[in-house]
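What follows is a single structure, written as structure tokens, with notes after it.
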Amino acid sequence: MLKPFTGKAPLACRPHDHSHCVSQALGTAENLCLAQGVRLTALRKRVLELVWQSHKPLGAYDILAVLSEEDGRKAAPPTVYRALDFLLEQGLVHRIASLNAFIGCNHPGEVHQGQFLICRQCHAAVELEHSAIDAAVQASASSLGFIVEAQTVEVLGLCAQCREAA
Ligand SMILES: [Zn+2]
Ligand SMILES: [Zn+2]
Ligand SMILES: [Zn+2]
């Protein structure tokens, strides 16, 4: 028997004013790019906006499909991949390898590795901000002489909202 969850479900799993999340993410991205001296072109910004359309990771082909529809002609995959690469480099999005999809970062501008709780039912991905997880991976790796270059922790399960509905 599962213990009932009495805490507060993360924002990503609850109904909320998502336009606020989007405008905040885009505003932060603009400021960060300005500070870095890199250009958040209209396309890069639009791709970021699409990634932020929900708290569910979005695949490159979903992004392509929307762009093609808006544009009236087929958007070129390399253009979208380049925009995603840029967003990854700037730490504005994370790549969820298990889903081959992208998710907006909740705290860009802070050096961190991605750690995500991914709901197998509603597909919401909640970013964890737990430096102890990062430290544990680093420590275990270095005890084996392994140099960590990148790590994304992807934890699959059922979110509080879906648990309740189950
Ligand atoms: Zn939101
Ligand atoms: Zn992040
Ligand atoms: Zn869920």
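Worth pointing out:
- At 1.306 mPa s and 10 °C, Stokes diffusion of the chain via Kirkwood alpha-carbon radius, µm² per second: 92 µm²/s
- Karplus-based coupling profile of the range 87-102, in residue order and whole Hz: 5, 5, 4, 7, x, 8, 9, 10, 9, 9, 5, 5, 10, 6, 8, 10, with θ = phi - 60° in 6.51 cos²θ - 1.76 cosθ + 1.60 and x standing for Gly or Pro.
- Amide H partners (placed H, <5 Å) of Gln115, local residues excluded: Leu128, Val153
- q = 0.31 Å⁻¹: log10 I(q)/I(0) that the Debye formula gives for the range 67-109, counting C-alpha atoms only: -1.02
Readers should treat all values here as calculations from the given coordinates under stated rules, not as data from a laboratory. Not measured: the values here are computed from a predicted model.
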